[in-house]
Every structure is written in structure tokens, then in C-alpha cells.
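What follows is a short report on a single structure.
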Amino acid sequence: MKSPAPTQQDETYSRLRQWVTVGQFLPGERLKIHAIAEKLGVGVMPVRAALQRLAAEGALVNVPHAGMQVPKLSLAEFDDVLQTRLLLEGEAAQRGAHRLDAAGLAELLALEQKMRDALKANDAKGYLDANELFHLRLYQAAASPTLLSLIETVWLKVGPLSNKLFEVDASQRVINDAHGDAVMALRLRDSAGVRRAIEKDLFVAAQFLRPFCA
């Protein structure tokens, strides 16, 4: 039986959710419904509904008399999110590495190269887009919809901070190192090594992002 075709409201929600995840909106930013609707080429109703869904997931907050706003994480909240990510994403990485096929490995190798190229070009968006897809493809290979759903929900909490990585010059020299470790472990079929590499990636990035917490 075919799944129902996504509605414009579903598509708008998916697009905005992805924008939050990759840091297109910044912590503390107030979201203007009409501007977003114009950018997406849709009406204000699907945008309003999508923002309300994101607020229900904790990705946004509804501030009285100010509308929807991207929340700022406190240091304690950020550290809590990091510990949760280490648990969830470490497990998904190890399971995914164990199940990954040749086509999946080839895609991850190509994405790691894209990240290296983006860093050389100082292309923050290119790096973050490839980084998100690298992790997503690895975790999808774990074949656990429940685990992936939990990870994607946690990503909404930290996504708005992600662009801050490129405000710290030192970060660009090291933030891709763990992906290199991950692809090396993937080539060796070392699933535990992949888990360690992904945990290292999350931990290193977090050290650069912690100072930007509220």
C-alpha cells in the first residue's frame, strides 16, 4: 500500500526542521513567518503550523508578544545534550558500521572528501551540509527508526549553535579529523573504532561550542 503523498504543510515542516538542524537559524533569533513563507514560496499558514510543530518538539519557543524564537542553551543544557548525543550517536554509529554495504561506504568516503574540500574553501554551509548527511547516512544504516528519530530530535537542540564552529579559527584545523578516523575504521570494518571516532567528533566540536552557550 502506497504512503500518502506529503502535503505542503508536511514539506514545509521538513524543510524548516532541516534548517534548524544545520544551524540556518541562530540561538536567540526571532523567526518572522512572512519572511520564511516568502523564502519558501508558500503561504503563511503552513509556515505557522510547521513552527508550532517545532515548538512542540522543543526546537523553538513561543515568546509572548514576540512570536517564535530559537532558544539559547544554557551550559548545563548543552552538556546534557552532549551526553545524550554520545550515547545515542555512538550506538547508532557502531550499529551502522556493522551493517553498512559497499555503496554506503562509498557515499561516506565521498562526503568526508566534501567536508575536507569545504574546509579548504572556508565554506561553512558546505561543511555543515556534508557533515549532517555523513552522520545521517551512517545512522540510517543502523536500521533502527526509533534510534534515528531520537537522534534527530536531539539535533534540533544543538543545531542552531553549529555555525559558531566557524567563528573559532582553531576549530577548522581539527573538526574534520574524527571523520577521517571514522572512514579509516569503516574501511577496516572496525565498528567499535567507528563508534570511538564519532564520539570523538561530537566531543571535540562541543569544546568549541560550549563558550557560546547562554
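The values are calculated or read from the model by the stated rules, or taken from the named source; none is laboratory data. Owing to the predicted nature of the structure, the values given are computational and were not obtained by experimental measurement. Cβ coordinates were reconstructed from backbone atoms using ideal geometry, including for glycine residues, and neighbour counts include every protein chain displayed. Only protein heavy atoms, including side chains, enter the accessible area calculation; ligands, DNA and RNA are left aside. Shrake-Rupley method; radii C 1.70, N 1.55, O 1.52, S 1.80 Å.
With +1 on each Lys and Arg Cβ and -1 on each Asp and Glu Cβ, how big is the dipole of the chain about its Cα centre, in debye rounded to the nearest 20? Write down the numbers at each step before the final one.
On the way: 26 positive and 25 negative charges, 51 e Å.
Computed about the Cα centre, the dipole is about 240 debye.
Size of the dipole of the stretch 85-152 about the Cα centre, Lys and Arg at +1 and Asp and Glu at -1 on the beta carbon, nothing else charged, in debye to 20? Walk me through the numbers before you get to the answer.
Details: 8 positive and 10 negative charges, 18 e Å.
It comes to approximately 80 debye.
Considering only H135, A56, A124, and ranking their Cα positions along the charge dipole of the chain that arises from unit charges at the beta-carbon of Lys, Arg, Asp and Glu, the one farthest toward the positive end is A56.
Based on Cα contacts under 8 Å between residues 6+ apart, the stretch 77-204 shows a relative contact order of 39 percent.
When the Cα positions of M45, N163, A110 are compared along the charge dipole of the chain, M45 comes out farthest toward the positive end, with charges on each C-beta of Lys, Arg, Asp and Glu. Heavy atoms of the protein chains alone define the surface here; on that basis the chain has 52 Å² accessible area per residue at 1.4 Å probe size. Note on the stretch 172-214: along the principal axes its Cα atoms extend 40, 19, 7 Å, ordered by decreasing extent. Per-atom-type breakdown for the stretch 49-142 gives carbon and sulfur 54% of the accessible area (1.4 Å probe, protein chains only). Shown here are the Rg and Dmax of the Cα trace of the stretch 143-203, at 13.7, 37 Å. Across the chain the C-alpha pair distances fall into 10 Å bins from zero in the proportions 8, 32, 35, 21, 4, 0 percent. Between the alpha-carbon centres of the stretch 86-163 and the stretch 172-209 there is a gap of 11 Å. The relative contact order of the stretch 67-147, computed from alpha carbon pairs under 8 Å that lie at least 6 residues apart in sequence, is 40 percent. Measure nothing fancy, just the Cα-based angle from helix 102-120's long axis to the longest principal axis of the chain, in degrees from 0 to 90, nearest 10. Between helix and principal axis, roughly 70 degrees. When you restrict to C-alpha pairs under 8 Å that are six or more residues apart and normalise by the size of the stretch 131-214, the relative contact order lands at 28 percent.
Projecting the Cα positions of H34, S144, Y13 onto the charge dipole of the chain (unit charges on Cβ atoms of Lys, Arg, Asp and Glu, taken about the Cα centre) puts H34 furthest along the positive direction.
Sorting S149, S171 on solvent-accessible area from highest to lowest, probe radius 1.4 Å, gives S149, S171. Accessible surface of the stretch 151-204, 1.4 Å probe: 52 percent of it comes from carbon and sulfur atoms. For the stretch 1-107, the set of GluC sites (Glu not before Pro) satisfying both a DSSP loop assignment and a count of at most 16 other C-beta atoms within 10 Å is given as E29, E57. With +1 on each Lys and Arg Cβ and -1 on each Asp and Glu Cβ, how big is the dipole of the stretch 104-214 about its Cα centre, in debye rounded to the nearest 20? The dipole magnitude comes to about 160 debye. Computed from Cα positions, the angle between helix 8-21 and the longest principal axis of the chain comes to roughly 60 degrees. The angle between the Cα long axis of helix 145-158 and the main principal axis of the chain comes to about 70°, on a 0 to 90 degree scale. When the chain is treated as a Gaussian network with alpha carbon springs shorter than 10 Å, the biggest mean-square fluctuation among K157, K32, K72 belongs to K32. By the helix-only formula, in which each DSSP H run with n ≥ 4 contributes -39500 (n - 2.57) and the sum is divided by residues, the chain has a 222 nm mean residue ellipticity of -21500 deg cm²/dmol.
Taking all pairs of distinct Cα atoms, average 1/r, flip it, and tell me the Kirkwood hydrodynamic radius of the stretch 48-157 in Å to one decimal place. Could you put the intermediate results ahead of the total?
Details: mean 1/r = 0.0633 Å⁻¹.
Roughly 15.8 Å, rounded to one decimal.
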